[in-house]
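For reference, the structure discussed in these notes is given below.
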Amino acid sequence: MFDKVDVDSFAWGHDDRLIWLADLWECVDNGQFYEPPVNLFDLAGLMRTGIHHASALQCKLNVLTATFTPTKWLSRGEFKKLAYGYLVLGNGYLQVERNRFGQPLVLKNRLGLYMRRASKKAGYFYLRRHLATEADFIPAGDVVHLMQPDLAQEVYGIPDYLAGMSSAELNRAATTFRRRYYENGSHAGFIVYATDNNLNQDDWDNLKDQFKKAQREGNFKNVFLRSPNGNSDGIKLIPISEVAAKDEFINIKNTTAQDMLTIHRVPPALMGVVPQAAGGLGDARTAAEVFAANEIEPIQTAFLEANEQLGDEVFKFKPYSLAVGAVK
């Protein structure tokens with residue numbers, strides 16, 4: 001009879017939860033306001049993790065801000081905040097500020113992260129500290145709500161880049177894996193395996209000190225292993241898909257970056273992308289002109305449509321130009 005052998009294994013470390021963009025699948029009416037169809041805080045968080053995603057949206061924002069002409073109702077600073085929320089969250093909110101006689105003075109941006117459409121569309125709530133009980137109610141007539149269209153509902157806008165967010169998450173995960181790979185010591189520079197039993201403890205301690213002094217801070221970590229009278233094959237290092245993961249890093253980064261640029265339709269020549277092919281990325285001026293006509297002008301049109309709702313020229317844009325000194 002063979003003795004019973006127990007095999008014990010364990011793992012350590014943890015994996016971060018992926019940011020799910022559809023935690024809320026519909027605009028649920030909680031009795032006070034409608035819940036957004038996607039998690040707005042996840043959308044905002046992606047601006048801090050998706051490199052090409054954030055850069056593409058910032059590119060659009062810069063062009064929109066440069067072509068906007070301030071009006072008596074809206075300053076350039078308020079427009080920039082409005083456009084930022086519109087591009088990232090799919091929603092932009094302006095509140096009418098009135099004088100003591102109820103006459104409108106100016107329009108001010110309200111943060112889309114905290115704006116909620118009241119039940120039965122009677123107005124809007126501006127949440128304070130994420131609590132509905134401490135929310136400011138704003139009548140519907142005092143709010144200009146600009147939103148990107150959605151196929152499923154008409155309460156909130158939905159940003160048009162959601163289809164590319166899996167690539168943004170994969171790009172972030174690849175970078176996080178590589179960073180942890182270098183930080184947690186899994187990439188030991190080399191392993192010193194000693195089996196000689198003729199050295200006493202003092203000699204071993206002296207040898208370890210010499211290894212430590214020879215290693216500069218910030219370099220690869222090394223492992224010193226002592227096993228007197230040990231077998232040369234007694235200890236083995238078995239990597240788990242480590243080589244394949246390292247080899248795929250560049251491919252993952254390049255592919256997901258291309259996906260993000262595709263979903264935002266921003267030419268690589270305007271993003272500071274280093275060309276991989278000998279032919280380069282083409283003429284940046286031509287790319288900028290096409291980008292302005294195909295992407296920026298439609299966004300400007302969405303803002304200009306609000307002028308009809310307001311009955312005055314709140315939004316005004318000048319033609320996009322690459323001439324030096326065109327923006328004043």
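The values are calculated or read from the model by the stated rules, or taken from the named source; none is laboratory data. The shown structure was predicted, so the numbers you read here are calculated from the model rather than taken from an experiment. Neighbour counts run over all protein chains shown; Cβ positions are idealised from the backbone, glycine included. Only protein heavy atoms, including side chains, enter the accessible area calculation; ligands, DNA and RNA are left aside. Shrake-Rupley method; radii C 1.70, N 1.55, O 1.52, S 1.80 Å.
See the values below:
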read-out: Test: residue in the stretch 112-132 that is among the basic types (Lys, Arg), in contact with a helix residue (DSSP H, G or I) (Cβ under 8 Å, 6 or more places away or on another chain) and closer than 13 Å to residue 32 by Cα; value: yes
read-out: Matching residues in the stretch 262-294 - criterion: being modelled with pLDDT of 80 or more and either in contact with a strand residue (DSSP E or B) (Cβ under 9 Å, 6 or more places away or on another chain) or small (Gly, Ala, Ser) (or both); value: 287, 288, 292, 293
read-out: Pairs, first part of a loop (DSSP other than H, G, I, E, B) in the stretch 315-328, second open to solvent by less than 90 Å² (accessible area, probe 1.4 Å) and modelled with pLDDT under 75, C-beta under 9 Å, six or more apart; value: 318/326; 318/327; 319/326; 320/326; 321/327
read-out: Qualifying residue in the stretch 146-163 (condition: at pLDDT 90 or above, within 18 Å of residue 310 (Cβ to Cβ), surrounded by fewer than 16 Cβ atoms within 10 Å (Cβ to Cβ) and out of contact with any Cys (no Cβ under 7 Å at 6 or more places or on another chain)); value: no
